[in-house]
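Just below is one structure, and these are the notes that go with it.
The values are calculated or read from the model by the stated rules, or taken from the named source; none is laboratory data. These numbers come from a predicted model, not from an experiment. Cβ: placed from backbone, ideal geometry, glycine included. Neighbour counts: every protein chain shown.
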Amino acid sequence: MSNETSSDLVPVYVWQIPVRVTHWLIALTLLILSVTGLYIGRPFMTVPGQAGQWFVMGWMRIIHFYAAIVFTCAVIARAVWMFTGNKYARWDKFLPVHRTRQKGILPTVLFYSFLRDKPPAYVGHNPVAGSAYLLVFGLYFLAIGTGLVMYAPSADVASPLRWFASLAPLFGGLQIARWIHHVVMWLLLGFTLHHVYSAVLVASIEKNGTIDSIVAGYKWVPKHDLAPGPYRWLHRGEIDE
């Protein structure tokens, strides 16, 4: 695609507003949750005088709690959009059930392994990235579940969140739930670094506006990849239904 001129490219509206908004909300809150969570687990700041005068731990817990609410709502909204959004956002772009996407797995893996010059071209997520995001969503819900289990014992007696305390045995108790919560945080931070690297790598090779698309929503695709008939896109072997 790098050989295409600007006149050969046409814009495609790939990422709808809910996808872009939830993407950035998840990214922002994940950063806030990581910083505040690390402090809650092991305070790394000291202040002079009595702790009550500064309320550092209290503020960290408050910020962590409200960031967790936003994070949970964004994750749930994005999960719902997998069933209500456009064809690039739907669940079958995360679970490779279609043959056209299954055939693209090996070439994509070869590209990420530096054994192929260019990745198979997909307008939305490629099948490897989509499958990885599905696993990441599993980590999101695991973080949410363990977080609710840890918060439940300190919740107000009348709060419905206290019900989640009954789920503690599913995670092996509060201590194991806390350990799982901590490990999931590091896994998500590691994925974030890889995600940024992969996005920059693919964007620099395909030059189709991959980075810009998560802000504006549009990618740029060669005109000759337009397909006639009921399928709008036939992008080097992939039919986006």
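Before moving on, here are some points about what is shown:
- Scanning region 151-177 for residues that are surrounded by fewer than 18 Cβ atoms within 10 Å (Cβ to Cβ) and either within 19 Å of Val75 (Cα to Cα) or in contact (Cβ under 8 Å) with a residue 40 or more places away in the chain (or both) turns up just one, Leu161.
- Check on Thr29, touching a Gly at 6+ places or on another chain (Cβ under 9 Å), under 30 Å from Tyr122 (Cβ atoms), part of a helix (DSSP H, G or I) and modelled with pLDDT of 95 or more: no
- Filtered residues of region 95-124 (kept if buried (at least 19 other Cβ atoms within 10 Å of the Cβ) and in a helix (DSSP H, G or I)): Arg101, Thr108, Phe111
- Residues that are modelled with pLDDT of 95 or more and either among the aromatic types (Phe, Trp, Tyr) or part of a loop (DSSP other than H, G, I, E, B) (or both) were ranked within region 129-150; the one that is nearest to Leu189 (Cα to Cα) is Tyr140.
- Residue within region 70-79 that is in contact (Cβ under 8 Å) with a residue 40 or more places away in the chain, surrounded by 13 or more Cβ atoms within 10 Å (Cβ to Cβ), among the small types (Gly, Ala, Ser) and in a loop (DSSP other than H, G, I, E, B) present: no
- All conditions but one from (1) closer than 22 Å to Val200 by Cβ; (2) touching a Pro at 6+ places or on another chain (Cβ under 9 Å) apply to Arg101; the one that does not is (1).
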